[in-house]
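Below is one structure; the comments refer to it alone.
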Amino acid sequence: MDVFYQQLINGLSLGGIYALIALGYTMVYGIIELINFAHGDVYTLGTFFSLAILTGLGVSGEVHGLALVGVVLVTMLAAMLLCGITGVLIERLAYRRLRNAPRLAPLITAIGMSFILENVMQLWKGPSPISFPAVIPNPSFQAGGVEIAAKQILVIVLAIVMMVALQLFIRNTKMGKAMRATAQDRDAAQLMGININTTIAMTFLIGSALAGAAGFVSGVYYGTTWFFNGFEAGLKAFTAAVLGGIGNVAGAMLGGFLIGLVEAFATQYIPQGAQWTNVVVFSVLVLVLVFRPSGLLGEAVPEKV
Amino acid sequence: MSFFKLTNVRKTFGGLVAVNDLSFAIEAGSIVAMIGPNGAGKSTVFNLITGIYSPSSGAIDLEGRTLRSLSTDRVTARGIARTFQNIRLFAFMSALDNVMTGCHAQMRASLVDSLLHTPRQRAEERTVRERARELLKFVGLEGDADNYARNLSYGHQRRLEIARALATDPKLLLLDEPAAGMNPREKEGLIALIRRIRDKGVTVFLIEHDMHLVMNLSERVTVLDHGEKIAEGTPEAVRNDERVIEAYLGRADGAA
Amino acid sequence: MNPAVRRSLRFVPLLLLPLVPLVDHNNSHIDFLANAGAFILLALGLNIVVGFAGLLDLGYAAFFAIGSYSYAMLASQQFGIHVPFWVMLFAASGIAAIFGILLGAPTLRLRGDYLAIVTLGFGEIVPQTFLNLSQYTNGPNGINSLDSPSLFGHRFGFSATPYFYVMLGLIVIGVLLASNLQNSRLGRAWMAIREDELAARHMGINTTAAKLSAFALGASFSGLAGVAYAAKLDLVSPDQFQFNVSVLVLSMLVLGGMGNIPGVIVGSFALSFINSFLLPQSTNLVHSIGLTWIDFTDYRFMLYGVILVAMMLFRPEGLIPSRQRRAELREALTDPGISAQEQTEYQGAAR
């Protein structure tokens, strides 16, 4: 039973990272119906940026007390900002011109962007896995026979805080309303005086910034990264977004946590499960798309963005 | 036995009733029309007939056989063809290819024939190309065979859609606002064309806003409002029906 | 001139190719051409799926893997089974086609971008499965010492020349079949589906069956290429069939011109040439003048990426497009008449 709860915690932590990435997929799909294939690589870029910032700050190991809070906040916010800008640039350079093109054209472009980003990162840090400083000390909390590491709490809490903040933003701010309106009907939104370009750019900014946050926490969580990380993580996060109901913010969170749990339990309970997790997750993707393409929350909350 | 028959057809989308308890019959070889204000559910009826939607309840029969749960391509093979309110030609295919595509269901070329261009396949292609040219000529587009569909004028695009629909060799032809956007001269040509189609033995069922065309052509008219049949009869009878007048005059969009 | 004759004339340069090994005795050149041939075959197959039927398949390498592994398992010491190469060409294309149908049957109702992602997932699952089933496939080491094909008693051995002729033969057959398909009842149905799926159904086209046949035919080309390539390489391992292979083949189509057979061949050959000659040779060149820290082959993925992005933005119809594709993609950019919005609408209506 302890093993079960241990995998539950592991799954939720993994899921927190997938959820943060999935938010970006779901927001962008909600607003321009594009599977932003490069999004997973923006996430990896988040780890790379974080690593560069930590190196710049001279951090190479555990940090304690107030300094820890400072380092975490500065690194994460800077990574978010840099990823956000990257996302906006990608939209401006590669996707905007294709907004009215047949829909496979921007998807092909997004795959191209993904390859470009991966190659840039490969040239930057080399083709091998690189280590990421274990910034957060490891006091483990015991609950029953289950160990919960501090970094796991960070991931789960952060994911939930970000989602709540995003929900509040989308529901209550003028920009959030503009996003919802654009997602519903771009032409009508434009007639209402909403600046479509700004709104879409903002969507990319926020989605990519969340991927940047995910990049930072995943660096801390796994203690390692490499240029190709985003391919698999991106696919899993996209699966999460689809599972939750694409275009749906709460759905992306739910899907993210579910995929994390599926992965953790598959590792534990399927013989040689670690080898098969990808197969299991992609099978989930196929099954959801075939049998319930609107996802778990797709109909309950039809609101897009 | 009627040639074509809707019996108590109902279609709801979520809570919205788009078509309610609709019944009517069409005699073989006739030209009939369905009219009604915008949003009355006319195009939904066409979509129900061609299997785009399936009825929530009720039956649709062609020559005594149900069309229920048939996919659109099977409905076409049974002998029902249509045109679309918003023209939906294959924009970047030539007019001739558009019509040849309409012949798909009557062609017998198998996968192997297509791969190897067997003599049988080549003979069939020749026959079909010839037939497509005849159909283009029939609708007056013989000069446009090699032009992309999207480069044709609006009136010609409507005619091409009719030719493409006729290529499926239909028993019943559904025309969704065939005169929309046409000038009076084009409309006269269209009336003549529809008569010639009927004279070839094809039953015509059309949705139209243009009353001149409806009154001139159709033997019977069904009037739809809010998804319900409010009148049915000869054009004369329908024109003088109080409920029809009310349905039209009670609204800003009125009769065109 | 008869259009069929005119079409065939475009392929006359291919007739000169058989002479190449007689003129050029450099084995590495012939080896390159044979490898490029396998990718031309792959591109011709993917073109049926993406170019003709308009279905984006991002897991195409999976069928290549299935073809290759079929040969490796049925024509080697692995299980002591030795099916002849020529039989395996047919068998593997059939096996790949069956997998194409198995993948397509449940998924082809999906809208285009979802289908793309599902095929991508399939493309990940297949090599992963070959990797994991190590008791049959030797896992990451792969299967080697495959049977060498032979013709009239002559074993191919390690010379590239016989494989060059095999590839050439397969390409000629592939081009004929693909161009026959394009100008047939089925080819017209694919074109119609690409343009307007709902209208296509009203023409009596069973769109699911038509798309399935595109998937199966595309996969069978990939199966052929897989057998020939595996035999030539004498080795099959899971890392030969990663996502980047699917994207490489897609880039070939995008570069040359989706839907246009000569364009696909040229695009495919050009990318193979850049990969196998241009990048290594130019690296050698800059190394020879002392710039040893530069390695152009490290930029391979960047190249695929730039091709995909730049072509979609500036020349979506490809370098050698078909007339129809050019009109489709060009006018779509400038004229919102067939916008993504509208496509969504009809897909919504069709559901």
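The values are calculated or read from the model by the stated rules, or taken from the named source; none is laboratory data. Note that the structure is predicted; figures quoted are calculated from it, not measured. Glycine also receives a Cβ, built like all others from the backbone with ideal geometry; neighbour counts cover every protein chain displayed. Only protein heavy atoms, including side chains, enter the accessible area calculation; ligands, DNA and RNA are left aside. Shrake-Rupley method; radii C 1.70, N 1.55, O 1.52, S 1.80 Å.
Taken as a whole, the structure leaves C:Gly112 outside the set of residues that are at positive phi, within 14 Å of chain A (Cβ to nearest Cβ), open to solvent by 10 Å² or more (accessible area, probe 1.4 Å) and of a type outside the set (S, T, N, Q).
Quick one: would you say A:Gly295 is crowded, with 18+ Cβ neighbours inside 10 Å and either assigned to a helix (DSSP H, G or I) or among the hydroxyl-bearing types (Ser, Thr, Tyr) (or both)? In short, no. Return the residues of the stretch A:87-116 that are facing another protein chain (nearest Cβ under 7 Å) and outside any helix (DSSP H, G or I); say none if nothing qualifies. Of everything in the stretch A:87-116, those that are facing another protein chain (nearest Cβ under 7 Å) and outside any helix (DSSP H, G or I) turn out to be A:Asn100, A:Ala101, A:Pro102, A:Arg103. Exactly one residue out of C:Phe32, C:Phe63, C:Phe99, C:Phe52 is in contact with a helix residue (DSSP H, G or I) (Cβ under 6 Å, 6 or more places away or on another chain) and open to solvent by 40 Å² or more (accessible area, probe 1.4 Å): that is C:Phe99. Looking only at residues of the stretch B:137-158 that are away from every other protein chain (no Cβ under 11 Å) and among the aliphatic types (A, V, I, L, M), we find that the one that is surrounded by the fewest Cβ atoms within 10 Å (Cβ to Cβ) is B:Ala145.
Taking residues in the stretch B:142-164 that are within 22 Å of B:Val202 (Cβ to Cβ), and partners anywhere that are of a type in the set (Val, Ile, Thr) and modelled with pLDDT under 95, the pairs with Cβ atoms closer than 8 Å and at least 6 places apart or on different chains are B:Gln157/B:Ile87; B:Arg158/B:Ile87; B:Glu161/B:Ile87.
Scanning the stretch C:137-155 for residues that are of a type outside the set (Lys, Arg) and exposed (fewer than 14 other Cβ atoms within 10 Å of the Cβ) returns C:Pro140, C:Asn141, C:Ser145, C:Leu151, C:Phe152, C:Gly153, C:His154. What residue, among those in the stretch C:222-237 that are open to solvent by 10 Å² or more (accessible area, probe 1.4 Å) and part of a helix (DSSP H, G or I), is farthest from C:Ser159 (Cα to Cα)? So the residue we want is C:Leu224.
Of the residues screened, A:Val135 is not one that is assigned to a helix (DSSP H, G or I) and either within 21 Å of the chain's Cα centre (by Cα) or more than 8 Å from chain C (Cβ to nearest Cβ) (or both). Look at the stretch A:162-173: where a residue is closer than 14 Å to A:Met253 by Cβ and a partner is open to solvent by 70 Å² or more (accessible area, probe 1.4 Å) and modelled with pLDDT of 90 or more, sitting 6+ places away or on another chain with Cβ atoms under 9 Å, you get A:Ile170/A:Lys177.
Residue count for the stretch B:136-157, restricted to those that are in a helix (DSSP H, G or I) and over 21 Å from B:Ala192 (Cα atoms): 3. Within the stretch B:10-33, is even one residue under 14 Å from the mean Cα position of the chain (by Cα), part of a loop (DSSP other than H, G, I, E, B) and not aliphatic (A, V, I, L, M)? Checked against the condition, which is being under 14 Å from the mean Cα position of the chain (by Cα), part of a loop (DSSP other than H, G, I, E, B) and not aliphatic (A, V, I, L, M), the stretch B:10-33 yields at least one hit.
When the residues of the stretch C:239-250 are filtered to those that are crowded, with 24+ Cβ neighbours inside 10 Å and within 14 Å of chain A (Cβ to nearest Cβ), which remaining residue is nearest to C:Gly169 (Cα to Cα)? The qualifying residue nearest to C:Gly169 (Cα to Cα) is C:Val249. Here B:Leu70, B:Leu6 are screened, and the one residue that is assigned to a loop (DSSP other than H, G, I, E, B), assigned by TED's automatic domain parsing to the domain that holds B:Pro178 and closer than 25 Å to B:Gly201 by Cβ is B:Leu70.
Selection of the stretch B:159-179 for residues being open to solvent by 10 Å² or more (accessible area, probe 1.4 Å) and away from chain C (no Cβ under 11 Å) yields B:Arg159, B:Leu166, B:Lys171, B:Glu177. Against the test of being part of a helix (DSSP H, G or I) and more than 14 Å from every other protein chain (Cβ to nearest Cβ), the options C:Val118, C:Val49, C:Val126, C:Val87 yield a single qualifying residue, C:Val87. Of the residues contained in the stretch C:196-213, one or more are found to be over 25 Å from B:Ile87 (Cα atoms) and not hydroxyl-bearing (Ser, Thr, Tyr).
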